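The values are calculated or read from the model by the stated rules, or taken from the named source; none is laboratory data. If you're wondering where the values come from, they're calculated on a predicted model, not measured in any experiment. With ideal geometry, Cβ positions are generated from the backbone for all residues, glycine too; neighbour counts draw on all protein chains shown.
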């Protein structure tokens, strides 16, 4: 284990606590109570401390997941560890679902491979160790080994930090780990964003898709989708309706809730996987975005790992909106964790929201929040922060149907108990568009639920700037 890896994970935990917990939690973590040690030294420690072994390998076989109650929610763990041998150790809170192993002196050791699991997730270990990719070259949710244990919706990093903070508070108070976070955790944070792939509904590709929906059923001896003819005509005459107008409508809705968001603008070459609206339309939208909201670059599909094309897209967007974007997200979430972060940083991007899944909702890096990217090949942290996307609008509704808002509420409540930030992307064309009936009212209901649970709002950039 390289010393930089230990310092890296310790810093990510400290930054996370600074963002999502009260100052007392940071003081407890920095007090020296938490030690990162080799396993051999950890089991020999005899004092009131939390000893986190950093030299236990991560296995592809994550073991049977189990859950432990903490702060009126349930934490879920994989990669369980056996209790240290030699006697004098006890499982807490119980033998069947241990969170800690405690010795007679009060030393605590995690009952799961805390360090290995978190470092593996933050450094994209799952996909670095796999050759599976979809047609766009992406690591899909279905390829993750966490699918088998239904772990994709578990914010493993947040839960581990919550357990550490609670244990620190308990050790400081009475020498035993606590299982609540009363007065320590802050309200959950919502990080809202909008990928402006298309701002007009009359672009060639959108109209071609509608034509296909009319014709293709005939080849299967089914009735043609004639309702698409109505949308072809309607958007030909009112192209901004349900697209550009939705982008401004979401802004007005967010303002009424006291929330802000980031608008990711797509420019450059057009086509099936490129920009569908002209740059002038994006520039017009940028001129409407008020202070407090952010503008970012939606990296075009054909700029992937191409210096010349990326620089051209960035320069074009900068000229159109009058400022250089420093936040971004990849169109179609197409990126390479081994190369893309260093690539983007060279062009001035220091906040990214590309890490997420297109096929399922979930925590791609096991974290609801931001983290500094680490290059395991050079054993160096990079000066760019990632805030993984948890929920994409259509993916949530496709996966959970009428239970979409209930699922969102469940995830948000869990974060309110363990601390963290949830990143949600909602496309303008899905906000209020009768062509996509299943999406009507979804974003509004999500914001109502955020307000009900006391969630606060920050942009990805504002969150990162507080710890950068």
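Residues in region 254-272 that are on the phi < 0 side of the Ramachandran plot and surrounded by fewer than 16 Cβ atoms within 10 Å (Cβ to Cβ): 255, 256, 269, 272.
Taken together, 383, 377 contain a single residue that is outside any loop (DSSP other than H, G, I, E, B) and either under 18 Å from residue 124 (Cα atoms) or touching a helix residue (DSSP H, G or I) at 6+ places or on another chain (Cβ under 9 Å) (or both), which is 383. A Cβ distance below 8 Å, combined with a sequence gap of six or more or placement on separate chains, defines the contacts here; from region 315-337, residues that are more than 29 Å from residue 125 (Cβ to Cβ) and in the same structural domain as residue 289 (by TED's automatic domain parsing) reach residues that are at pLDDT below 95 and not in a helix (DSSP H, G or I) in the pairs 316/268. In region 159-178, the residue that is surrounded by the fewest Cβ atoms within 10 Å (Cβ to Cβ) out of those that are under 11 Å from residue 33 (Cα atoms) and over 24 Å from the mean Cα position of the chain (by Cα) is 172. The residue list 458, 402, 449 contains one member that is within 16 Å of the chain's Cα centre (by Cα), at negative phi and outside the structural domain of residue 119 (by TED's automatic domain parsing), which is 458. Only one entry in 214, 297 is at pLDDT below 95 and either over 21 Å from residue 321 (Cβ atoms) or crowded, with 21+ Cβ neighbours inside 10 Å (or both), namely 214. I'd like the full set of residues that are in a helix (DSSP H, G or I) and in contact (Cβ under 8 Å) with a residue 60 or more places away in the chain, limited to region 245-272. 246, 247, 249, 250, 253, 254, 257 - these are the residues of region 245-272 that are in a helix (DSSP H, G or I) and in contact (Cβ under 8 Å) with a residue 60 or more places away in the chain. Considering only residues of region 1-37 that are touching a strand residue (DSSP E or B) at 6+ places or on another chain (Cβ under 7 Å) and free of Cβ contacts under 8 Å to residues at least 24 places away in the same chain, which is nearest to residue 465 (Cα to Cα)? Only one residue tops the list, namely 35. Every condition in (1) assigned to a loop (DSSP other than H, G, I, E, B); (2) in contact (Cβ under 8 Å) with a residue 12 or more places away in the chain; (3) out of contact with any strand residue (DSSP E or B) (no Cβ under 9 Å at 6 or more places or on another chain) is met by residue 118 except one, and the failing one is (1). A residue that is outside any helix (DSSP H, G or I), out of contact with any strand residue (DSSP E or B) (no Cβ under 8 Å at 6 or more places or on another chain), closer than 28 Å to residue 433 by Cα and outside the structural domain of residue 64 (by TED's automatic domain parsing) occurs nowhere in region 186-196.
Residue-by-condition table, conditions (1) under 29 Å from residue 251 (Cα atoms); (2) in a loop (DSSP other than H, G, I, E, B); (3) assigned by TED's automatic domain parsing to the domain that holds residue 296; (4) touching a strand residue (DSSP E or B) at 6+ places or on another chain (Cβ under 9 Å):
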| residue | (1), (2), (3), (4) |
| --- | --- |
| 131 | no, yes, no, no |
| 136 | no, yes, no, no |
| 161 | no, no, no, yes |
| 181 | no, yes, no, yes |
| 213 | no, no, no, no |
| 216 | no, no, no, no |
| 234 | yes, no, no, no |
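Put simply, of 320, 338 the only residue that is surrounded by fewer than 23 Cβ atoms within 10 Å (Cβ to Cβ) and either in contact with a strand residue (DSSP E or B) (Cβ under 7 Å, 6 or more places away or on another chain) or part of a loop (DSSP other than H, G, I, E, B) (or both) is 338. Does region 439-450 contain at least one residue that is part of a loop (DSSP other than H, G, I, E, B) and in contact with a strand residue (DSSP E or B) (Cβ under 7 Å, 6 or more places away or on another chain)? Scanning region 439-450, I find no residue that is part of a loop (DSSP other than H, G, I, E, B) and in contact with a strand residue (DSSP E or B) (Cβ under 7 Å, 6 or more places away or on another chain), so the answer is no.
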